[in-house]
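Scroll down for the structure; my scribbles are underneath it.
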Amino acid sequence: MLGRYDTEGRFQYVRRTTTLDQAAGAAVASLLAAGRRGHPWTGWSFSAGWGSQEKLNVTLVEPELVAEVGIDIARNASGRWRHPARWHRARPDLSPTDVPRLTSPPR
C-alpha cells in the first residue's frame with residue numbers, strides 16, 4: 001500500500017503496488033517498523049484487486065519508508081488509476097519530508 005502526505009500533513013492512501021517477489025518482499029520488510037497506535041489507516045479495509053469484493057489482510061507499518069515506483073497514469077471514467085504501481089526500489093536515503101506533498105485528494 002502506498003501513501004503520501006498531503007499539504008495538510010495527513011497521510012493519504014494513493015495506490016497499491018503489484019505483488020513483490022519473495023526477495024524484494026524480504027528486503028522491504030527489513031526496512032519497515034510496525035505501526036504504532038493511532039496509525040492514520042487504523043480501521044480501514046483494502047480491496048484485493050480491481051472490482052474485487054475480497055479484502056486484503058494488511059499489517060500497518062510506520063509511514064517512514066520512501067519507495068521509487070513506476071506509474072501507469074491511465075485512469076478510468078471516475079478518475080481512478082487503473083493499474084497498480086510497479087515496485088522499483090526502496091529509497092532509504094530519503095525521508096517522507098523529501099517527497100513533494102500531495103496537492104489534490106487521491107481518487
Could you tell me which residue of segment 71-107 is modelled with the lowest pLDDT, considering only residues that are within 19 Å of Ala23 (Cα to Cα) and part of a strand (DSSP E or B)? Ala85
Considering only segment 47-55, I want to know if a residue exists there that is part of a loop (DSSP other than H, G, I, E, B), of a type in the set (A, V, I, L, M) and touching a residue at least 24 places away in the same chain (Cβ under 8 Å). no
Matching residues in segment 1-38 (part of a loop (DSSP other than H, G, I, E, B), touching a strand residue (DSSP E or B) at 6+ places or on another chain (Cβ under 8 Å) and of a type outside the set (Val, Ile, Thr)) number 7
Within segment 49-70, the residues that are surrounded by 12 or more Cβ atoms within 10 Å (Cβ to Cβ) and either over 15 Å from the mean Cα position of the chain (by Cα) or at pLDDT below 85 (or both) are Leu56, Val58
Residue in segment 3-23 that is more than 15 Å from Arg101 (Cβ to Cβ), at pLDDT 90 or above and touching an Asp or Glu at 6+ places or on another chain (Cβ under 6 Å) present: no
List the pairs whose first member sits in segment 1-26 and is farther than 15 Å from Leu65 by Cβ, whose second member is of a type in the set (Asp, Glu) and not in a loop (DSSP other than H, G, I, E, B), and whose Cβ atoms are under 9 Å apart, counting only residues at least 6 apart or on separate chains? Gln12/Asp6
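The values are calculated or read from the model by the stated rules, or taken from the named source; none is laboratory data. Predicted model only: the values in this text are computed from it and were never measured. Note that we place each Cβ from the backbone using ideal geometry, even for glycine, and neighbour counts take in every protein chain shown.
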